[in-house]
Amino acid sequence: MSHSFDDISAQLKGRHRKSARLKWISMGSLGLAGLFLVLFFADMLSKGLPAFQQAQIQVEIDYNEDAQRMGRAALEPVVSRLVSRTFERLIPVRMRDNPELLGTIENRWVLADSEVDQYLKGHRHDLSESLQATVDALVEQGRAELKFNTTFFTNGDSKMAEAAGILAAALGTVMTMLVTLVIAFPIGVMTALYLEEFAPDNRLTQLIEININNLAAIPSILFGLLGLAIFINFFGVPRSSPLVGGMTLALMTLPVIIIATRTALRSVPDSIRHAAFGVGCSRWQVVRDHVLPLAMPGIMTGSIIGLAQAMGETAPLIIVGMVAFIPDIGVSFTNAATVLPAQVFTWAGEPDRAFVEKTAGGILVLLAILIFLNASAVILRKKFERRW
Amino acid sequence: MAGNFGLPAESRSGSLAVVDIHRENPMQTNQLLALFGGAMLLLGLVAFFLGRAKAARVRATGTAMYAQPDQYAWFTVLATAGPALVVSAAGAFLMLLLGAEIPALYLLTASLVVAAAGLMVGMSQVRPNFHARQAIERVIRWILVGAAMISIFTTFGILFSIVFEALRFFQMHSFWEFITGTVWNPGASFLAAAGRGDEASSAAQFGSVPLFAGTFMITGIAMLVAIPIGLLSAIYMAEFAPSSVRTLAKPTLEVLAGIPTVVYGFFAAITVAPIIVDVAGFFGLDASFNNAVAPGLVMGIMIIPFISSLSDDVINSVPDSMRQGSLALGMTKGETIRDVVIPTALPGIISASLLAVSRALGETMIVVMAAGMRPNLTANPLEDMTTVTVRIVAALTGDLEFESAETLSAFALGLVLFTVTLSLNLVSVIMIRRFREKYRVNNL
Amino acid sequence: MNRILNSRTLKTTAIAAAVIGVVGVAQARDQIRIVGSSTVYPFASYVTEEFGAVTEYPTPVIESTGSGGGIRLFCNGVGEGTPDITNASRRIKVSELERCEENGVNDVTEVKIGSDGIVFAQSSTNEAMDLTLEKLFLAVAAQVPVDGELVDNPYANWSDIDSALPDREISIYGPPSTSGTRDAFEELAMEVPSEEMEAYGGEGYTDIRSDGVYIDAGENDNLIVQRLSEDTDAFGIFGYSFLVENPNTLIASSIEGIEPEAEAISAGDYPIARSLWFYVKNQHVDEVPPLYDYVDMFLSETMVGEGGYLMDLGLIPLPEAEREATRNKVQERTSLQLSDLQ
């Protein structure tokens, strides 16, 4: 008999080995997914971090007569081809606004051309040999170096890579998100209140429920088609404006807020409702004064997550024209604007190679904002979550 | 630079009439809106205080009332503002819909008159035997119903906006040819839009099969990545992992779903595609830089958490009694998972996968940035191919007029996409509902 | 209770006031509105950025709507919601100008800003390949004449077209059918040679082959250039500006013996080149004060002149006399007449 016990235990060993193998394979899959995440962030950081530094050159600006017409005349000939055009073109403007500058000389650090920047960073560049030598000499004298890139955070878009910044797009995102929030939050919460607290269980309610689940799964680009056909072509909302972008995204965010709010409402125990009804509250009073305040943390968490989702969305915004070229820093609901992810998309399509790092830099900023939003949602939930 | 945008005031107002891009003059619209809002606010405040004062007066006489003074007050506000808002909204809508020119000033006056009438009616209702609280509740209920209807309107809005434009497209090109044609060549319709239509030499062809082939190829690759990794990760998290790993791993995986798709698109185009070309070259294969593998792979990564998260929930909701029974019969843990847990959870897992497929079909930015533009009917994933969503974006952002067949084809493609994703979602919902009913699980 | 109520009323009032305030702020600015060709778009957007930076006016809004779409919008009428300027990569047609006049747009100044060339280029690791329009056409057309009959393009290698050309696979990255560069390529490099071939019966033929030899590379020209340095067998079709931006990585083919160089394009010798224009609505001058400031800046020597900034972006300047003539025309706000086009 012992012989057959050996067989069985061998067999058993094999079965347990198989079981262990499943464990290792499944653990490996999770590890693989984690590895993707690490690689992705490493790649984005390595591409995007250089964007936060920008080459600057120390120049002597000679505010002479000629410079009133041609900014270039104010710069030493050696460096004039290395300085960003965005600085040079403002010299005449500045002299017009401050006539007392005429005849003075100023020494200051200014933005260098993006080719100089790319050269200093060791990327591909198109500087000629002689200009490379000039730059090397300037570096040697301490007159050219990479400095923290404030321009990136204070400028709008530009055709010149060295002056391109994300501020206009960031403001566009803020305006668009305001519109989204103002529309989606009340409607979403009211819909959820109706479905959870008021609606009779009839065909209409079921239809609304199924419909919301479907909306959550409709490809985002189709919301863009809706925005184009209905908001822009039918209602005449200005194309490319934060208004139309926000309205489109609001419809997309609606299901997320509704679903989160319903979950939050459902987690409020019935005893609270019973007690409130018991002291003579009407249905609306129960909801307004007791259920809603208790569900608020959950609702806020869900809304923040929905907003973060909307903030990263690009496809519907492309369709409603929010990929415009916006160099001005402006705050308006009806003028053409762009948003962060759309800015990333436009930069990714720029022919100038210096825009690759701008793109990745923009991505890092976008990711930082999204991580901040999601983290605050998690913290909010942790802090206010109540187990009944 | 920011200092340069200030404008002399007169040049601003002088040019407003022409430069605006609205249908109506926005300054006037804005002023009217402000006027309307201000008047409404004022009337509302008046209604509130008048209503409350009257109710308080009545109550001060010692008469018992059905409601509190502030409830009467709110009812008066509703009676004042509600009908007026409805009138102005209806007027504005009529103007848009029928193109009727109702002078905005008349509309404003009309709604203000209605508001005043509402105020009178509201005030007359402030009497002891009127159930102000119930009246408010009824109104609130209708407002909530209205909010809930918006999601329905959205679906119909999408459907109508797509269907109408798609019908215009199908008037130009046959539906059958669109569904079964294997050549997508809108070139000539573009020329017509560019104003050279008379010179174009051949008819445009809109056969969508190559676009769908590309879409399904990329979706297929994404699923090959996402389903095994997502499912195995879910199994690990649900059945093997200690709870500390689980609480860390689940939100970490969710990060993958939270990364904007435009970022994935950049990653696929700039980082992954060249790697694929190099790897293919190493094996002596010729890969295009717009190959289908790069967007497919990256899309798969993005979709992992969709599958893992839902599968994890489903596996967790398989009743423990089934595991206990299986272990009691001497099955190993692995066998229990393979032969009991997974088969039980299968409807939920399939449903999760269907949702993931529908998500992948509609994904836009990754393919716009990383997949090709060429409609290509091929089985080789290393070639460049285009997808439905890429063509929609291309048609609506290029140098085209809205009336051209290529622009309208975007809506026809959108219609098909809508139909396909909608059916996938419905099937998925039905399957998860079956599962839920069978095992009496409520948290799915 | 009263105090609570009052604070609530106050809150409501504040919110309503805020909403109205926001609506009040959102008003139009005196921005020039520009539509039109995507070929002119990069030049125009450069000038608008400069305009926004150095004048007190806001940056004009440009939409890329295509030449035909732009002219259509432009000719919709005068005033409210119609653009002030439309860019075009071809001259306005008689029929379009007639429509303009029907809609009351009867004072339009025509401005020619320069030319744009389309280059056929490859990675500079290769030898330059000299082509003729006909050989280029035979490489990209969907159907080509073989023994007098039209058949699906059978050429897989350049040497199949002409044994003098290298035995290299034909592989061409080019713009998608929605792009203005594609439009120009079809017009200049396909219609022109095919009209002279008997097999097409004197009509222009513009179908590009779709058997994988011509690869639709998307709007992202950056990727085309990058791809050419990786895929050294391939050629790319793109605007002259990309050749200028990447002098070290790309080498262009000469067409009919003429290299794509600024002088040759400007003089009209290089065959795949065209003139670029924009049209100004003079009736808007009073309502949009900055209109001609923008036009003047566009036409300044620092922009469109020899060595001007637009030249760096790939615009090929007009000969000096013609630039001067254009400036005079703008100075006098010369109105475009139908007879000018015929």
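Can you pull out the residues in region A:203-223 that are more than 8 Å from every other protein chain (Cβ to nearest Cβ) and touching a residue at least 12 places away in the same chain (Cβ under 8 Å)?
Within region A:203-223, the subset more than 8 Å from every other protein chain (Cβ to nearest Cβ) is A:203-206, A:209, A:216.
Selection gives A:GLU209, A:ALA216.
When C:ASP312, C:ASP293, C:ASP269, C:ASP340 are checked against the criterion of being surrounded by fewer than 16 Cβ atoms within 10 Å (Cβ to Cβ), more than 30 Å from C:ALA139 (Cβ to Cβ) and within 20 Å of the chain's Cα centre (by Cα), C:ASP312 stands alone in meeting it. When residues in region A:182-200 are screened for being more than 7 Å from chain B (Cβ to nearest Cβ) and either in a helix (DSSP H, G or I) or closer than 28 Å to A:LEU243 by Cβ (or both), 10 of them pass. Within region A:310-335, residues that are farther than 18 Å from C:SER45 by Cβ sit with their Cβ atoms under 6 Å from residues that are outside any loop (DSSP other than H, G, I, E, B) and of a type in the set (Phe, Trp, Tyr), at 6+ positions apart or across chains, in these pairs: A:THR314/A:PHE345; A:PRO316/A:PHE223.
Taking into account only those residues within region B:400-415 that are modelled with pLDDT of 75 or more and more than 9 Å from every other protein chain (Cβ to nearest Cβ), which is surrounded by the most Cβ atoms within 10 Å (Cβ to Cβ)? Let's see the steps before the verdict.
First, pick out the residues of region B:400-415 that are modelled with pLDDT of 75 or more: B:405-415.
Subset that is more than 9 Å from every other protein chain (Cβ to nearest Cβ): B:405, B:407-409, B:412-413, B:415.
Details: B:ALA405: 22, B:THR407: 25, B:LEU408: 25, B:SER409: 27, B:ALA412: 27, B:LEU413: 29, B:LEU415: 21.
Among them, the one singled out is B:LEU413.
Scanning region A:198-255 for residues that are among the charged types (D, E, K, R) and more than 25 Å from A:VAL323 (Cβ to Cβ) turns up A:ASP201, A:ARG203, A:GLU209.
Table: residues versus (1) of a type in the set (A, V, I, L, M, F, W, C); (2) in contact with a strand residue (DSSP E or B) (Cβ under 7 Å, 6 or more places away or on another chain); (3) closer than 20 Å to C:GLN337 by Cβ.
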position: C:SER45; (1), (2), (3): no, yes, no
position: C:GLY52; (1), (2), (3): no, no, no
position: C:PRO58; (1), (2), (3): no, no, no
position: C:THR65; (1), (2), (3): no, yes, no
position: C:PHE74; (1), (2), (3): yes, yes, yes
position: C:ASN87; (1), (2), (3): no, yes, no
position: C:ARG91; (1), (2), (3): no, yes, yes
position: C:GLU101; (1), (2), (3): no, no, yes
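Would you be able to say whether some residue in region B:146-169 is away from chain A (no Cβ under 14 Å), out of contact with any strand residue (DSSP E or B) (no Cβ under 8 Å at 6 or more places or on another chain), part of a helix (DSSP H, G or I) and touching a residue at least 60 places away in the same chain (Cβ under 8 Å)? Within region B:146-169, none of the residues are away from chain A (no Cβ under 14 Å), out of contact with any strand residue (DSSP E or B) (no Cβ under 8 Å at 6 or more places or on another chain), part of a helix (DSSP H, G or I) and touching a residue at least 60 places away in the same chain (Cβ under 8 Å).
Which ones in region C:231-263 are without any contact (Cβ under 8 Å) to a residue 60 or more places away in the chain and either touching a Pro at 6+ places or on another chain (Cβ under 8 Å) or more than 14 Å from every other protein chain (Cβ to nearest Cβ) (or both)? Give the derivation first.
Filtering region C:231-263 for residues without any contact (Cβ under 8 Å) to a residue 60 or more places away in the chain gives C:246-247, C:258-259, C:261-263.
Passing the criteria: C:ILE258, C:GLU259, C:GLU261, C:ALA262, C:GLU263.
What helices (runs of 4 or more DSSP H) completely inside region A:2-117 contain at least 2 residues that are at negative phi, away from chain B (no Cβ under 14 Å) and surrounded by fewer than 17 Cβ atoms within 10 Å (Cβ to Cβ)? Step through it out loud before you land on a result.
On the way: elements: A:2-48, A:77-80, A:85-88, A:90-97.
Result: A:2-48, A:77-80.
In region A:138-156, the condition of being hydroxyl-bearing (Ser, Thr, Tyr), at the interface with chain B (Cβ under 10 Å from one of its Cβ atoms) and either over 19 Å from the mean Cα position of the chain (by Cα) or part of a strand (DSSP E or B) (or both) is met by no residue. Filter region C:115-135 for residues that are surrounded by 15 or more Cβ atoms within 10 Å (Cβ to Cβ) and among the aliphatic types (A, V, I, L, M) and give the result. Selection gives C:ILE118, C:VAL119, C:ALA121, C:MET129, C:LEU131, C:LEU133. Could you tell me how many of the residues in region A:229-245 are at the interface with another protein chain (Cβ under 7 Å from one of its Cβ atoms), aliphatic (A, V, I, L, M) and within 22 Å of A:LEU178 (Cβ to Cβ)? The number of residues fulfilling the criteria is 1.
Let's see how each residue does on (1) part of a loop (DSSP other than H, G, I, E, B); (2) facing chain B (nearest Cβ under 7 Å); (3) among the β-branched types (Val, Ile, Thr):
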position	(1), (2), (3)
A:ILE304	no, no, yes
A:LEU307	no, no, no
A:ALA310	no, no, no
A:LEU317	no, no, no
A:ALA342	no, no, no
A:PRO351	yes, no, no
A:GLU357	no, no, no
A:ALA377	no, no, no
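The combined condition, being under 21 Å from B:VAL427 (Cβ atoms) and crowded, with 22+ Cβ neighbours inside 10 Å, is not fulfilled by B:VAL298.
Residues that are under 22 Å from B:ILE229 (Cβ atoms) and either touching a Cys at 6+ places or on another chain (Cβ under 6 Å) or more than 14 Å from chain A (Cβ to nearest Cβ) (or both): which helices (runs of 4 or more DSSP H) entirely in region B:309-385 hold 1 or more of them? Break it down into steps so the answer makes sense when it comes.
Working: elements: B:320-328, B:333-336, B:342-362, B:365-370.
The qualifying helices (runs of 4 or more DSSP H) are B:342-362.
Once region C:58-109 is narrowed to residues that are facing another protein chain (nearest Cβ under 9 Å) and acidic (Asp, Glu), the residue that is nearest to the chain's Cα centre (by Cα) is C:GLU63.
Taken together, the residues in region A:221-235 that are surrounded by fewer than 24 Cβ atoms within 10 Å (Cβ to Cβ), closer than 14 Å to B:GLU165 by Cα and not aliphatic (A, V, I, L, M) amount to 2.
Would region C:269-287 turn up any residue that is at pLDDT below 85 and of a type outside the set (D, E, K, R)? Checking region C:269-287: not a single residue is at pLDDT below 85 and of a type outside the set (D, E, K, R).
The values are calculated or read from the model by the stated rules, or taken from the named source; none is laboratory data. Just so it is clear, the structure is predicted and the values come from calculations on it, not from any experiment. All Cβ positions, even for glycine, are placed from backbone atoms using ideal geometry, and neighbour counts span all protein chains on display.
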